[in-house]
Amino acid sequence: MKAFFGFIFLLLLSSCVSFKNPEFKSMDGYTFDGIEGNKVKFTVKATVYNPNFYTLKVKPSKVDVYADNQLYGTLNLTKTQKMKRKKETKLEVPMRFDMADGAMMGMMMLMRKDKVNLKLDGKVKGGVYFFSKKFPVTYERAISPKELGLKNMMKF
């Protein structure tokens with residue numbers, strides 16, 4: 001019995017070594033689902049390719065959102081997402097953005113700028129079968145506030 005568990009452990013260890021990052025293919029849009037207090041709910045539509053020979057799951061996770069080095073809140077992935085093995089998967093990802101104090105006023109100020117330095121920082125929980133691990137995520141990009149659709153969000 002110990003040999004069997006040892007074999008399973010080695011198999012899992014070797015599968016971790018052959019892990020390949022999923023490839024982002026396209027952003028297919030988003031919809032705002034509403035605002036309740038300081039929580040903004042929306043759904044992001046995207047296409048992702050999983051090059052691995054196994055299905056990947058991204059489990060509920062949180063990352064902090066910064067704009068021009070100021071914390072604006074926490075982005076929450078609220079539902080587990082599955083990426084099919086060796087295929088492109090069209091995802092509809094429900095998310096919730098918990099705004100920090102003063103973030104709404106700050107977003108109004110951001111709309112006036114041409115470019116904003118957006119940064120996501122946190123840990124995303126991913127897994128294969130019943131094994132999971134938290135992966136650090138740091139993403140930084142200069143974008144136009146128009147890309148964020150803040151004007152549409154302010155209409156709610």
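Read the figures in this text as sums done on the coordinates, not as results from a lab. Fair warning: this is a prediction, and the values are worked out from it, not measured in the lab. Cβ placement follows ideal geometry from the backbone for every residue including glycine, while neighbour counts extend to all protein chains displayed.
Listed values, structure above:
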item	result
For Thr55, residues with placed amide H under 5 Å, excluding near neighbours	Arg85
Reachable aspartates and glutamates from Lys133, criterion Cα separation under 17 angstrom, eight or more residues apart if same chain	Asp121
Net lengthening on full extension, Asp101/Asp33 (0.36 nm per residue, minus Cα-Cα)	22.4 nm
Relative contact order of the stretch 20-154, defined on C-alpha pairs under 8 angstrom at six or more residues apart (%)	24
Proxy reagent accessibility, fewest Cβ within 10 Å first, across Met111, Met105, Met99	Met105, Met111, Met99
Virtual spin-label span in nm between Glu88 and Lys45, 7 Å along Cα→Cβ	1.4
Trypsin sites (Lys or Arg not before Pro) within the stretch 19-71: DSSP coil, no more than 12 neighbouring Cβ in 10 Å	Lys20
Under the Karplus curve 6.51 cos²θ - 1.76 cosθ + 1.60, θ = phi - 60°, whole-Hz ³J(HN,Hα) for the stretch 106-122, x wherever Gly or Pro sits	x, 5, 5, 5, 5, 4, 7, 8, 7, 9, 10, 7, 9, 9, 10, 9, x
Local electrostatic count, Tyr66, Cβ distance below 13 Å [Lys/Arg +1, Asp/Glu -1]	-2
Gain in span if fully extended, Thr78 to Asn117, counting 0.36 nm per residue against the direct Cα distance	11.5 nm
Label-point separation, Tyr129 to Met108 (7 Å along Cα→Cβ), nm	5.4
